[in-house]
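Notes follow the structure.
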Amino acid sequence: MGQKGATLWFTGLSGSGKSTIAVEVELALLEKDKVAYRLDGDNIRHGLNRNLGFSPEDRTENIRRIGEVTKLFADAGVISLCSFISPYKADRDEVRSIHLEHGIPFIEVYVDCPLAEAEKRDPKGFYKKARSGEIKGFTGIDAPYEAPNDMEIHLRTDQLSLTEECGKIINFLSENSYI
């Protein structure tokens, strides 16, 4: 296929831009005739993980299952683009470990956005509901988000354009011979 399978794991607060960036990267890869597939909360939570809630235990199981699926995709040569808040460092480290154990590249992309900016964007109205008490255990409000400290790519979405963010990821993939 002219590419190595790999997992790009986009992590960050709700509204940080994870899915928006992943869509742009997927389009850029497809334009280069690369095989890519995007996984996010919308296509996972309504199917594979529909039986899970948002408790810490369910969040951990959600991420574990996604890690196993994307490992299989990457093993088949697909570049997987995974957009999940994945608030716990231990869960992300577990997914990284699953990949490394099988010799599959895992590229953590920290989509870093200040909470105030994410709240301003609030594309699904979740922050407003969390602030009013309608949603309990919302990451960044009354549930923790553990920012990565060993990520491969760090994007500051309040400082970069979507084109710059996508370019940074495509350059990383090219420079490291994934594409």
With each run of n ≥ 4 DSSP H residues scored as -39500 (n - 2.57), what mean residue ellipticity at 222 nm is computed for the chain after dividing by its residue count and rounding to the nearest 500 deg cm²/dmol? -13500 deg cm²/dmol
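Accessible area, 1.4 Å probe, largest first: how do Phe84, Phe73, Phe54 sort?
Details: Phe84 15, Phe73 65, Phe54 135 Å².
The residues order as Phe54, Phe73, Phe84, largest area first.
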Angle between the Cα long axis of helix 18-31 and the longest principal axis of the chain, 0 to 90 degrees, nearest 10? 20
Can you give the Rg to Rh ratio of the range 1-96, both from alpha-carbon atoms, with Rh computed by the Kirkwood formula? 0.97
In nm, give the distance between the simple-model label positions of Lys168 and Ala90, each being 7 Å from the Cα along the Cα-to-Cβ direction. 2.9
With all protein chains in place and a 1.4 Å probe, Arg121 shows an accessible area in Å² (nearest 10) of 80
Apply the Karplus parameterisation 6.51 cos²θ - 1.76 cosθ + 1.60, with θ equal to phi minus 60°, to every residue of the range 152-162 and state each ³J(HN,Hα) to the nearest whole Hz, in sequence, with x for glycine and proline. 7, 10, 10, 10, 9, 6, 8, 10, 10, 7, 4
For the chain: relative contact order, % (alpha-carbon pairs under 8 angstrom, 6 or more apart): 35
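Residue separation times 0.36 nm, minus the C-alpha to C-alpha distance between Val23 and Asn43: what's the value? Before the final figure, lay out each step's value.
Numbers: separation 20, 0.36 × 20 = 7.20 nm, distance 1.33 nm.
Result for the pair: 5.9 nm of gain on full extension.
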So if each residue of separation counts as 0.36 nm, and I subtract the Cα-Cα distance between Ser132 and Ala76, what length gain in nm does that give? 15.7 nm
Determine the distance separating the Cα centre of the range 144-179 from the Cα centre of the range 115-141; give it in Å without decimals. 24
For the range 14-106, the dipole about the Cα centre with charges only on Cβ (Lys and Arg +1, Asp and Glu -1), to the nearest 20 debye, works out at 80
Cα centroid of the range 16-78 to Cα centroid of the range 80-102, whole Å: 11
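Give me the percent relative contact order of the range 86-179, please, defined on Cα pairs under 8 angstrom at least 6 residues apart.
Values: 65 pairs, mean separation 33.1, N = 94.
After rounding, I find 35 percent.
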Radius of gyration and Dmax for the chain's Cα atoms, expressed in Å? 15.7, 50
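Using Cα-Cα distances under 8 Å and only pairs 6 or more residues apart, what relative contact order does the range 55-118 have, in percent? Don't jump to the answer; show the numbers that get you there.
Numbers: 30 pairs, mean separation 21.9, N = 64.
Relative contact order here is 34 percent.
The values are calculated or read from the model by the stated rules, or taken from the named source; none is laboratory data. A quick note: this is a predicted structure, and the numbers were derived from the prediction, not measured. Please note: Cβ atoms are built from the backbone with ideal geometry, for glycine as well, and neighbour counts cover all protein chains shown. Ligands, DNA and RNA are stripped out before the accessible areas are found, and what is left, the full protein with its side chains, is counted by its heavy atoms. Shrake-Rupley method; radii C 1.70, N 1.55, O 1.52, S 1.80 Å.
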